[in-house]
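The values are calculated or read from the model by the stated rules, or taken from the named source; none is laboratory data. None of these values were measured; they are calculated from a predicted model. So basically every Cβ, Gly included, is an ideal-geometry build from the backbone, and we count neighbours across all protein chains shown.
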Amino acid sequence: MSKTESFTAGSGALSGWQRGLFLTLAGLMFVVAMVGGIVALHGRASAERQPEPNPPLVVDTRSIDLRDAYTVKERFVGLLEPARQTRLSFERPGLVTEVVFDEGDLVSRGHVVARQDASKLRSERRGLEARLQELKAQFDLASVTLSRQSALKKKGWQSEQKYDEARFNAARLSSAIRRLNAAIETIDIDIGKSELKAPYSGTVASRSIDEGSVVRAGTAVVDLVEAGVRRVRVGVSVDASHSIAADQSYRLVSGERSFDGRLISTRPDLQTGTRTVIALFEVNEAEDVPFGEIVELVVERPVSSRGAWLPISSLSEGSKGLWTVLTVVRREDGPSIVRETVEVLHVEEGRAFVRGNLGKETRVVINGTNRIIPGQRVALAAILSGKE
């Protein structure tokens, strides 16, 4: 082999060795980089705080405010009605000749509302007056005769019998005159009653009879409701009737309107159908509210009972008609949940007044009770937020 061939073969062998060395160094550098990355990741992971295996659940709680009583706001339905409402009618049968007022008209006290034909009564009165004049003439003659008989009797010229006849005849005629005067007075009363007058000022609510009708005694002609004075008749419970007092004002509501009513009286009997006591209120601020409108009475009365107000969201249905709440107790490993049975006494506007084994320091979970079980460790949201 020549020197030239030996030199060429040595150059090729050196190039392969260098290539192998390069690959080896590259592999070592890759391994070192991987190891460094793993070490860095482990270092970073060890620097971060590891979460607890079973972290406590954050809950929203509230301290209860125990009270010795609560206020019940009750509503009772009643009707607005006039203080007086009368169905006016004639006391005697007869022909109606005139009805003065129509429905909706205002009537003053004493004004004539309707008239009845009284011509027959006036004719009878004239006949009685004529008979009265006749009796008076007879009585005058009997009085003169009695005077003469009395004078003759004193002189002894007349018998006792004649004197007694004259005396008793004058007495009989006097009684007949009084009886006839009474009959004329009765006819005058009937003539006066042929005009139907308003017993008080009011409004004609309805008209049942027109002119030309022949009515019986007691047949309604018009309905008159008193103007100005209005009343509300409400049926209240027995407990509520004990908490309201006469001459006190209470709030009444009709639709969107609210006004005060003064309690006039409560009936002593109990309505058998509704088991309520009727209370009457006088109102002066509801002139534009029509009669018959539904009116609500709002009564607030205190009820003595030891308990606390809780939101409805904190209550869960228990067994046998009872309810339960979740309370927080302090333990060595932190706050924990306990279930307590309570009795719901009153509910209003998204809250309930309950009583049970609750103390002043008791904290109640107010929402999210469906995701909590008794014995579970919890964290109080108020403490974590720095509010307590």
Does segment 326-333 contain any residue that is touching a residue at least 40 places away in the same chain (Cβ under 8 Å), in contact with a Lys or Arg (Cβ under 8 Å, 6 or more places away or on another chain) and in a strand (DSSP E or B)?
-> yes
Among the candidates ALA220, ALA205, which residue alone is under 24 Å from VAL99 (Cβ atoms) and under 31 Å from the mean Cα position of the chain (by Cα)?
-> ALA205
Sort out for me the strands (runs of 3 or more DSSP E) sitting completely within segment 182-256 that have 2 or more residues that are among the polar types (S, T, N, Q).
-> 202-207, 249-254
State the number of residues belonging to segment 257-287 that are outside any strand (DSSP E or B) and either under 16 Å from LEU79 (Cβ atoms) or basic (Lys, Arg) (or both).
-> 5
Six or more apart or on different chains, Cβ under 6 Å: which pairs go from a residue in segment 82-98 that's part of a strand (DSSP E or B) and of a type in the set (S, T, N, Q) to one that's at pLDDT 90 or above and surrounded by 16 or more Cβ atoms within 10 Å (Cβ to Cβ)? Could you list them?
-> GLN85/VAL225; THR86/LEU224; SER89/VAL221; THR97/ARG115
For SER316, which of the numbered conditions (1) within 22 Å of ASP239 (Cα to Cα); (2) touching a strand residue (DSSP E or B) at 6+ places or on another chain (Cβ under 7 Å) fails to hold?
-> (1)
Tell me, which residue of segment 263-293 that is surrounded by 13 or more Cβ atoms within 10 Å (Cβ to Cβ) and among the β-branched types (Val, Ile, Thr) is farthest from VAL234 (Cα to Cα)?
-> VAL289
Among all residue pairs at least 6 apart or on different chains, which show Cβ distances below 6 Å where the first residue, located in segment 190-204, is hydroxyl-bearing (Ser, Thr, Tyr) and the second is surrounded by fewer than 21 Cβ atoms within 10 Å (Cβ to Cβ) and in a strand (DSSP E or B)?
-> TYR200/GLU226; THR203/LEU106; THR203/VAL225
Assuming GLU285 fulfils every condition listed in (1) farther than 30 Å from ARG231 by Cβ; (2) in contact with a Phe, Trp or Tyr (Cβ under 7 Å, 6 or more places away or on another chain); (3) not hydrophobic (A, V, I, L, M, F, W, C) apart from one, which condition is it?
-> (1)
Scan of segment 264-289 for residues that are within 17 Å of the chain's Cα centre (by Cα) and either in the same structural domain as ASP65 (by TED's automatic domain parsing) or over 20 Å from TYR250 (Cβ atoms) (or both), ordered by number = ARG275
Six or more apart or on different chains, Cβ under 9 Å: which pairs go from a residue in segment 354-383 that's not assigned by TED's automatic domain parsing to the domain that holds GLY318 and buried (at least 18 other Cβ atoms within 10 Å of the Cβ) to one that's at pLDDT below 85 and part of a loop (DSSP other than H, G, I, E, B)? Could you list them?
-> none
Scan segment 22-77 for residues that are at pLDDT below 75, outside any loop (DSSP other than H, G, I, E, B) and among the basic types (Lys, Arg) and report the count.
-> 1
Which residues, counting only those in segment 163-212, are surrounded by 15 or more Cβ atoms within 10 Å (Cβ to Cβ), of a type in the set (Ser, Thr, Tyr) and in contact with a strand residue (DSSP E or B) (Cβ under 6 Å, 6 or more places away or on another chain)?
-> SER194, TYR200, THR203, SER208
Residue selected from segment 218-258 under the condition out of contact with any Gly (no Cβ under 6 Å at 6 or more places or on another chain) and β-branched (Val, Ile, Thr), by the criterion farthest from GLU296 (Cα to Cα) = THR219
Answer yes or no: is there a residue in segment 300-315 that is within 28 Å of the chain's Cα centre (by Cα) and assigned to a loop (DSSP other than H, G, I, E, B).
-> no
Kindly indicate whether any position in segment 300-317 is among the acidic types (Asp, Glu) and free of Cβ contacts under 8 Å to residues at least 24 places away in the same chain.
-> yes
Tell me, which residue of segment 354-388 that is touching a Lys or Arg at 6+ places or on another chain (Cβ under 8 Å) and not β-branched (Val, Ile, Thr) is modelled with the lowest pLDDT?
-> LEU380
Residue ID - nearest to SER213 (Cα to Cα), chosen from residues in segment 99-111 that are out of contact with any Phe, Trp or Tyr (no Cβ under 9 Å at 6 or more places or on another chain) and in a strand (DSSP E or B) | VAL99
Could you tell me whether any residue of segment 120-129 is farther than 30 Å from LYS197 by Cα and among the hydroxyl-bearing types (Ser, Thr, Tyr)?
-> no
In segment 336-361, how many residues are out of contact with any Leu (no Cβ under 9 Å at 6 or more places or on another chain) and part of a loop (DSSP other than H, G, I, E, B)?
-> 4
